[in-house]
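Undergrad: Dropping a structure here in structure tokens format, bear with me for questions.
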Amino acid sequence: MWLLAGQALGCELPGSLPRERAVVAQVQDGDSVRLVSGERVRLIGVNAPELAREGRPAQPLAQAAKESLKQHLSTLDEVLLVYDREREDHYGRTLAYVFTPSGESVEAALLREGLAFHIAIPPNTHLADCLALAQTQALSAGRGVWGHDGWQPISTAELTLEETGFQRLRGQVTDISEAGGSVWVELNGPLVLQVPAELWSTLKASGVSAGRMIEVRGWVVDRSGSRAARRGFKPLLMQIRSRYDISFP
């Protein structure tokens with residue numbers, strides 16, 4: 001059961017958000033492009049498997065995601081960049097939804113193919129419901145990452161400190177506590193989830209509780225050398241940004 005707030009019919013071009021036309025010069029990977037102006041654009045709402053970099057091998061389906069994005073954009077003279085509330089990420093890339101001139105969402109197409117995971121990072125969540133629905137279509141059909149052996153969920157009980165970065169994980173909630181303005185949800189194994197206090201009531205109402213098996217998707221950070229780990233807290237941390245990061249297997 002996926003934590004969806006509604007069943008949107010599709011990712012229609014939103015009339016309430018600012019937009020501009022642009023020309024794509026290069027597809028860099030499955031979720032980012034470079035414009036002819038030199039500007040780098042990170043697609044909002046999706047996270048594609050990573051290509052090989054910094055000595056780490058490519059994740060399964062990374063090249064397929066890049067080629068799919070290329071195919072979606074190859075016949076277009078220009079695209080529509082649609083902006084949400086934040087326009088830049090911490091790498092200095094422009095954040096935008098990418099639409100074809102006829103109003104079709106490129107992010108939704110990637111998600112329906114199973115070549116990206118849906119992510120919703122506040123405050124850029126205007127299209128979160130419809131993108132989540134696009135992902136559910138791929139999940140139901142077992143397409144892409146949802147059917148690939150390399151993307152089956154890792155048990156948190158078997159998680160190691162080397163398995164950082166974006167991960168799909170499954171584990172049992174062993175403890176829930178509040179501290180420092182966050183709710184801390186511990187799973188069996190070395191992982192703890194950090195949940196914003198304002199999000200916790202939504203997750204709790206959805207059924208996240210001690211003893212429950214859950215699936216989480218997000219970025220795992222190794223904090224084994226931190227003060228928290230030295231005090232006996234779990235060495236791996238995942239920040240939960242929205243209700244879409246958690247599901248029930």
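Undergrad: Just give me the residues in segment 44-59 being among the aliphatic types (A, V, I, L, M) and either open to solvent by less than 40 Å² (accessible area, probe 1.4 Å) or in contact with a strand residue (DSSP E or B) (Cβ under 7 Å, 6 or more places away or on another chain) (or both), in sequence order. If you could, list the steps in order and put the result at the bottom.
TA: As a first pass, look at segment 44-59 and keep what is among the aliphatic types (A, V, I, L, M): 44, 46, 48, 51-52, 58.
Hits for segment 44-59 are I44, V46, A48, L51.
Undergrad: If you don't mind, another one. Name the residues in segment 29-87 that are more than 20 Å from L115 (Cβ to Cβ) and among the aliphatic types (A, V, I, L, M), would you?
TA: Scanning segment 29-87 gives L35, V36, L80, L81, V82.
Undergrad: Also: Starting from residues that are touching a residue at least 40 places away in the same chain (Cβ under 8 Å) and farther than 16 Å from S32 by Cβ, keep the ones in segment 62-81 and report whichever is surrounded by the most Cβ atoms within 10 Å (Cβ to Cβ).
TA: Out of the qualifying residues, it is L80.
Undergrad: Could I ask something else about it? Which of the following residues is more than 17 Å from the chain's Cα centre (by Cα), of a type in the set (A, V, I, L, M, F, W, C) and within 18 Å of F233 (Cα to Cα): A179, A141?
TA: Step by step, each of A179, A141 is checked, and only A179 is more than 17 Å from the chain's Cα centre (by Cα), of a type in the set (A, V, I, L, M, F, W, C) and within 18 Å of F233 (Cα to Cα).
Undergrad: Next question. Can you tell me which residue among A205, A210, A157 is part of a loop (DSSP other than H, G, I, E, B) and either over 17 Å from the mean Cα position of the chain (by Cα) or not small (G, A, S) (or both)?
TA: A210
Undergrad: For residues that are out of contact with any Asp or Glu (no Cβ under 9 Å at 6 or more places or on another chain) and open to solvent by 40 Å² or more (accessible area, probe 1.4 Å), tally how many sit in segment 165-193.
TA: The qualifying residues number 6.
Undergrad: Moving on. Answer with yes or no whether V221 is closer than 14 Å to D245 by Cα and at pLDDT 95 or above. Write out each step before concluding.
TA: Details: closer than 14 Å to D245 by Cα: no; at pLDDT 95 or above: yes.
In short, no.
Undergrad: I'd like the residue in segment 54-72 that is within 19 Å of the chain's Cα centre (by Cα) and farther than 25 Å from A132 by Cβ and, out of all such residues, is modelled with the lowest pLDDT.
TA: Restricting to residues being within 19 Å of the chain's Cα centre (by Cα) and farther than 25 Å from A132 by Cβ, the top hit is A58.
Undergrad: Looking at (1) open to solvent by 10 Å² or more (accessible area, probe 1.4 Å); (2) on the phi < 0 side of the Ramachandran plot; (3) touching a residue at least 40 places away in the same chain (Cβ under 8 Å), can you tell me which one A141 breaks?
TA: Failing condition for A141: (3).
Undergrad: Could I ask something else about it? Given the condition in contact with a strand residue (DSSP E or B) (Cβ under 8 Å, 6 or more places away or on another chain) and closer than 20 Å to I121 by Cβ, answer yes or no: does some residue in segment 171-178 qualify? Reasoning before the result, please.
TA: In the first step, residues of segment 171-178 are kept if they are in contact with a strand residue (DSSP E or B) (Cβ under 8 Å, 6 or more places away or on another chain); the result is 171-178.
Imposing the further condition that a residue be closer than 20 Å to I121 by Cβ reduces the set to none.
Checked against the condition, which is being in contact with a strand residue (DSSP E or B) (Cβ under 8 Å, 6 or more places away or on another chain) and closer than 20 Å to I121 by Cβ, segment 171-178 yields no hits at all.
Undergrad: Report yes if some residue within segment 150-164 is of a type in the set (D, E, K, R), surrounded by fewer than 21 Cβ atoms within 10 Å (Cβ to Cβ), touching a helix residue (DSSP H, G or I) at 6+ places or on another chain (Cβ under 8 Å) and within 25 Å of D222 (Cβ to Cβ); otherwise report no.
TA: no
Undergrad: Further, regarding this structure: Return yes when E54 is among the acidic types (D, E), without any contact (Cβ under 8 Å) to a residue 12 or more places away in the chain and over 25 Å from R243 (Cα atoms) and no when it is not.
TA: Answer is yes for this residue.
The values are calculated or read from the model by the stated rules, or taken from the named source; none is laboratory data. None of the values given here were measured: they were computed from a predicted structure. Reconstructed Cβ throughout: ideal geometry from the backbone, glycine too, with neighbour counts over all protein chains shown. All accessible areas refer to the heavy atoms of the entire protein, side chains included, with ligands and DNA or RNA removed. Shrake-Rupley method; radii C 1.70, N 1.55, O 1.52, S 1.80 Å.
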